[in-house]
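What follows is a single structure, written as structure tokens, with notes after it.
The values are calculated or read from the model by the stated rules, or taken from the named source; none is laboratory data. Computed from a predicted model, the values in this text were never measured in an experiment. For neighbour counting, all protein chains shown are included, and Cβ atoms are generated from backbone atoms with ideal geometry for every residue, glycine included. Surface areas here come from the heavy atoms of the whole protein model, side chains and all, with no ligands, DNA or RNA. Shrake-Rupley method; radii C 1.70, N 1.55, O 1.52, S 1.80 Å.
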Amino acid sequence: MIRVIVYLLEIIILFVLQTSTFHYFALADIMPNLLLILVVSTAYMRGRTTGLSIGFISGLLIDLVYGDLIGIYAFIYMIIGYFMGYTNKIYSNDDYTFPIIFVAVSDFIYGFFYYIFGFLLRGRLNLFYYMRRIILPEIIYTVAVSVFVYKILHMINNRLDRRINEED
């Protein structure tokens, strides 16, 4: 139960940071995707079901606040959380390079799906322009921020694991 409360607090805190504070740190109107970092990190550390759940709740929160259509972000984040949950099998408590690589891959997938649902279906076909102006800068910025955010999320996960093991 405590893990669920911590996950909800992480979602709320990172959502508030992403939507309010990081507007001041936007570079060329690009901001890091903190909730994507949370979804990938949680899926990497805890597995498919947790990644899917965190992805769905995070995406639904974005849909409810900013989305034109309810469910697009929830679907994208949920798919990313589920498939990144497969990487839990190679999870190492000491490794910080794999989650950074997974964040980069997930951000590319997120940007590509967002292009399909947000632009391609509206008749805007210039994928390379969207890739050069939005997807690649966001990947770079998100990866740079994920180094610090993953370290914090990893520390929280380890403390939760220790606390739950001590209670047993």
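For LEU8, the conditions (1) part of a helix (DSSP H, G or I); (2) open to solvent by 50 Å² or more (accessible area, probe 1.4 Å); (3) over 25 Å from ASN165 (Cβ atoms) all hold with the exception of (3). Cβ separations smaller than 6 Å between residues 6+ apart or across chains give the following pairs from segment 1-28 residues that are at pLDDT below 90 to residues that are outside any helix (DSSP H, G or I) and not charged (D, E, K, R): PHE22/MET31. Can MET84 be described as open to solvent by 30 Å² or more (accessible area, probe 1.4 Å), modelled with pLDDT of 95 or more, in a helix (DSSP H, G or I) and under 19 Å from THR142 (Cβ atoms)? No: the conditions fail for MET84. Here is the figure for segment 58-74: residues that are part of a helix (DSSP H, G or I) and touching a helix residue (DSSP H, G or I) at 6+ places or on another chain (Cβ under 7 Å) total 9. Among residues of segment 87-102 that are outside any helix (DSSP H, G or I), those with a beta-carbon under 7 Å from a residue that is open to solvent by less than 60 Å² (accessible area, probe 1.4 Å) at least six positions away or on a different chain give the pairs TYR91/TYR44; TYR91/MET45; TYR96/TYR150.
Of the residues in segment 21-32, none is among the acidic types (Asp, Glu) and under 13 Å from the mean Cα position of the chain (by Cα). Here THR49, THR42 are screened, and the one residue that is of a type in the set (Val, Ile, Thr), at negative phi and free of Cβ contacts under 8 Å to residues at least 40 places away in the same chain is THR49.
I'd like to check something: does segment 144-162 contain any residue that is more than 20 Å from PHE15 (Cα to Cα) and either surrounded by 13 or more Cβ atoms within 10 Å (Cβ to Cβ) or of a type in the set (A, V, I, L, M) (or both)? Looking for residues that are more than 20 Å from PHE15 (Cα to Cα) and either surrounded by 13 or more Cβ atoms within 10 Å (Cβ to Cβ) or of a type in the set (A, V, I, L, M) (or both), one finds at least one in segment 144-162, hence yes. Would it be correct to say that MET131 is out of contact with any helix residue (DSSP H, G or I) (no Cβ under 7 Å at 6 or more places or on another chain) and outside any loop (DSSP other than H, G, I, E, B)? So MET131 fits the description; yes. Selection over segment 89-102 of residues that are crowded, with 17+ Cβ neighbours inside 10 Å and closer than 20 Å to THR49 by Cβ gives a count of 2. State yes or no: is THR42 open to solvent by less than 30 Å² (accessible area, probe 1.4 Å) and not in a loop (DSSP other than H, G, I, E, B)? Against the criterion (open to solvent by less than 30 Å² (accessible area, probe 1.4 Å) and not in a loop (DSSP other than H, G, I, E, B)), THR42 qualifies. Scanning segment 11-32 for residues that are assigned to a loop (DSSP other than H, G, I, E, B) and open to solvent by less than 90 Å² (accessible area, probe 1.4 Å) yields a total of 4. Are any of the residues in segment 105-126 surrounded by 12 or more Cβ atoms within 10 Å (Cβ to Cβ), at pLDDT below 95, closer than 12 Å to LEU36 by Cβ and of a type in the set (Asp, Glu)? No, there is no match, as no residue in segment 105-126 is surrounded by 12 or more Cβ atoms within 10 Å (Cβ to Cβ), at pLDDT below 95, closer than 12 Å to LEU36 by Cβ and of a type in the set (Asp, Glu). Within segment 106-127, residues that are more than 19 Å from GLY71 (Cβ to Cβ) sit with their Cβ atoms under 7 Å from residues that are hydroxyl-bearing (Ser, Thr, Tyr) and surrounded by 13 or more Cβ atoms within 10 Å (Cβ to Cβ), at 6+ positions apart or across chains, in these pairs: ASP107/THR142; LEU127/TYR115.
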